[in-house]
1. If you scan region B:30-64, which residues turn out to be away from every other protein chain (no Cβ under 14 Å), hydrophobic (A, V, I, L, M, F, W, C) and either closer than 25 Å to A:Val41 by Cα or not in a strand (DSSP E or B) (or both)?
2. In region A:709-750, how many are surrounded by fewer than 24 Cβ atoms within 10 Å (Cβ to Cβ), away from chain B (no Cβ under 14 Å) and under 22 Å from A:Ile689 (Cβ atoms)?
3. Of the residues A:Leu452, A:Leu430, only one is in contact with a strand residue (DSSP E or B) (Cβ under 7 Å, 6 or more places away or on another chain), modelled with pLDDT of 95 or more and not in a strand (DSSP E or B); which?
4. Within region A:7-62, count every residue that is within 14 Å of chain B (Cβ to nearest Cβ) and hydrophobic (A, V, I, L, M, F, W, C).
5. Looking only at region B:143-157, decide whether some residue is of a type in the set (S, T, N, Q), touching a strand residue (DSSP E or B) at 6+ places or on another chain (Cβ under 8 Å) and assigned to a helix (DSSP H, G or I).
6. When region A:69-104 is examined, which residues are found to be among the charged types (D, E, K, R), touching a strand residue (DSSP E or B) at 6+ places or on another chain (Cβ under 7 Å) and away from chain B (no Cβ under 14 Å)?
7. Do we have A:Gly751 as over 23 Å from the mean Cα position of the chain (by Cα) and small (Gly, Ala, Ser) here?
8. Go through (1) surrounded by fewer than 17 Cβ atoms within 10 Å (Cβ to Cβ); (2) assigned to a loop (DSSP other than H, G, I, E, B) for A:Ser539 and report which single condition fails.
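The values are calculated or read from the model by the stated rules, or taken from the named source; none is laboratory data. Everything numeric here is computed off the predicted structure, so don't read it as measured data. Cβ placement follows ideal geometry from the backbone for every residue including glycine, while neighbour counts extend to all protein chains displayed.
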Amino acid sequence: MSEFRYIGTKRRTKEDPRFVTGHGRFVADIALPGMKHVALVTSPHASARIKAIRTDAALALSGVHCVLTGEELCAATDPLLVGVDAPKVTRYPLAHGVVRYAGEWVAAVVADSRALAEDAAEKIAVDYEPTEYVLDPEKAVESGSAQVHPLHGSNVLYRRKFVWGPVEEDFARAEHRLATRVRWGRSATVPIETFGVAAQWDPGQQLLDVWASIQMPKFPDQTARALRLPGNAVRVHFDVDVGGSFGVKRGIKHTVLVGYLAKKLGFPVRLIEDRLENMRGGDMHGPDRIFDIEVAFDSDGTVHALKIRALDDVGAYAGRSPLQLGKPVGAIIGPYQIHSVEYEPISVMTNKTPQEAVRGFGQSPTNYALESAMDLVARQLGMDRIVLRKKNFIRKDQFPYLIPSGTTYDSGDYHVVLDKALATANYPALVAARDAARELGRLAGIGIASCLEPSGGNSSFEPLFNPKNETTTWMDSCLVRVDLSGAITGVMNTSSAGQGHETLVATVLGEVLERDPDTIRVVHADSLNALPSNSPVGSRMAIMLGGAAAGAANRIKAALLAIAAHNLKRDLSELEYRDGNVSVRGVASKTLSWAQLVEIAHRKFHQLPEGMEPGLQAKFVWEVPTGGALPTADGRIQMYPCFSFEAHVVLVEIDPATGQPRIVRYVCGHDCGVMISPDIVHGMTYGGIAHGIGAALYEKFAYSDNGQLESQSFMDYLIPSALEVPSISIVDHCTPSPHTTFGQKGSGEAGYLGAPAAIACAINDALQPLGASIAELPMTPLAIWTRMQAGNATSKEKSPNK
Amino acid sequence: MALEMKGEYALPVPQAELWRLLNDPDVLAKIIPGCNTVRALGPDRYEMGMKLQVGSVSGEYMGNVAISEKEEPLRYVLAVEGQGSIGFMKGSAAFDLEAQGEGASLLRYAGSAEVGGVVAGVGQRVLSGVAKYLAGRFFKALEKHIDEGRKAAGATTA
């Protein structure tokens, strides 16, 4: 029997009823009296000087209230935050003087309706003088390149070469070396709901109210700073449901724009992006990386050392995007015992739509690169890919395991999880199916990938990548109230984007207080009522919000016990807490019920122990376990506290006529420690794998040679549909984390972190008989077909010599 | 995003007449799809307003049209440059006129255009289709104009 009553059991989530019955409350449901609507004028050029903006024709339309341009907005607001030390890379919601990518916002129109605002936006004439631009990140790093931000002096936002351990010695000693280049294409997450924000200025209270579709750390603070308002003059309502985010719902420029307009105009203003605005100018593209990897290894398969150069194209502006090269530092060797690493992250700007956080914060591309390199090692040695991985896996008995970049992995059982996945996939049968398909002249391949999911986000890449940033805490909090009726309310302090935090908090409070989670309400405080939170990023909420909820619940429980001890006149050690009632152990008649204890706490001060606060409430603010320190001079740091593990096994067939891949079998072995809500973990994992299928095979923000985004809609930006996502088997395993309240680890990025690597591995296995391979995502049917033709030609040329 | 355009069209007018039509700004205004205003800026240079619908995107362009490299009655190059609410376009096409016996001509065109802005986002496949469709409309309108001219002439003669 499980040691838990509610944790880990299959229970309905708290959020589902309102979503399933159409009672969610999204930003588009926020209807404020007198609210006006925003449409945007965007740049058609990748780079241009703005010579003039003529707004008279738009303003002449009845129902149009305002046309705002960058000239006014940039003078009245402060630049948005840059994650690295690059103060000259200024960014405002609207362009001023120059545009730096096609799709950048140039002017905003406020009108009675969105339709009218769009019509008015079409009447705004902007004179542009196109200027030199750069699209290729490899050209952008060169000194002679066109400069996206000339004042910064270079397109390079961040570059550092970290050396952790005796890399050169390990390379010199190793029996073999290989070098490879792989490329992760520009994709992202594209939630059904685009970004939206509504704002209202109350001149009487001097207070800006904000309702937004957000998932962003320190969002209220950033909004207030940019608007030159005190922090307590911005109230963000976190009870707005978010229709999908997976990292990208940052919307800071949207909010500063709408907040400014609401304050200036004196009526509520709302902006909800349409799909084109979202794709071109929503600033939500994900990593776009070129990896150059070198591996040093021996004939027996032991991998000793890595050199990784990662060039990331962040587009025209930088928010937190360069930091997406930082998170992988905390799992730079993946699940393998690799002795030394050289890592050179380079963040470079180009004239493209800016990059924003995407699920995994840069970890999935790095996993893809690392797993591709492992496959090449196996191929070069003629070694089985599974044997190679097992040879190098960190063993269960080696935890806690210190990796070269200074992070200690908490726990894991990688061999067993991979074995479980292989068993579920019936690996010998999978091999037989692949080989049978090949016998029939079809192309088929098996993919294997294993990777880590760092979780419990502590943002320690901030001080690592920016010496001026001394952030060492990334706390989260929970407030628990037991009211006079005895009902429990948990208060969380950020918004949710489908992660099921209400279920999380209710389950944890129910577990600790031994009360039915279905009776517990969980609410989202607004930012002026909230305790500190760093928002649900970095797969952190099961750990951090779960831990904070448990901490607060334990304080409630301690208060109840103290009240009982005082009233039963017994020592605490003699008391027993069960289902919220407190009894003297072994004396059933000596019991104070939950209702009685609550009554005392709320009404009977004369029965409270001396010094106890009346009422029954407790808060708990929790620092990320293992966090709290600055990096060392050589860039070693404890990144996230917990490391979940996943092992993917995939069988793919490729249509030889069209190059279209079809996933025949998909198994994911997954270990995220103790699962608080298995349904939520599995849901995240299914969604993550679907997302990974998109990144691996379909999704790409492609640019034309003149800097136009060619995949601006779902006609060209292909996301996997039900037809492309196969039935997926998930196999659970549980290695508890020693750092967390219940042994839980994070899993918000599960599936996505390993799926692209696994699918790429399968495609390359399928192409191997043709002597062909692909080292670039997405592996579209055209890309696969092209390699197949080249491969066929090569095999034919070779055949006469055989 | 670059668009390639190429094609040919048989027209029931002599080469010299076709040349005249293709150099008449009033005719061009009538047959260029979506064109609603034309103003001469100088010899062979015009300012033109156009309203276009491309897939789900519609909007107005203001632009300049210039005719160059004239080799009467064989060939000229038409360059168009415009910008508007849905983006910009910039392109040129060479028109080759070939006599086909007494009263007919063959008009060949080949060119390319670069487009940017929202209109670039409707997708390459749609844009190529739209370019073809617009070219089709251009020639259909030219044919209709010729036909109307004939009928008018016939009516006057009768």
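1. Selection gives B:Ile31, B:Ile32, B:Cys35, B:Met48.
2. Counting residues in region A:709-750 that are surrounded by fewer than 24 Cβ atoms within 10 Å (Cβ to Cβ), away from chain B (no Cβ under 14 Å) and under 22 Å from A:Ile689 (Cβ atoms) gives 17.
3. A:Leu430
4. 11
5. No, the conditions are met nowhere in region B:143-157.
6. Scanning region A:69-104 gives a single hit, A:Glu71.
7. no
8. A:Ser539 satisfies every listed condition except (1).
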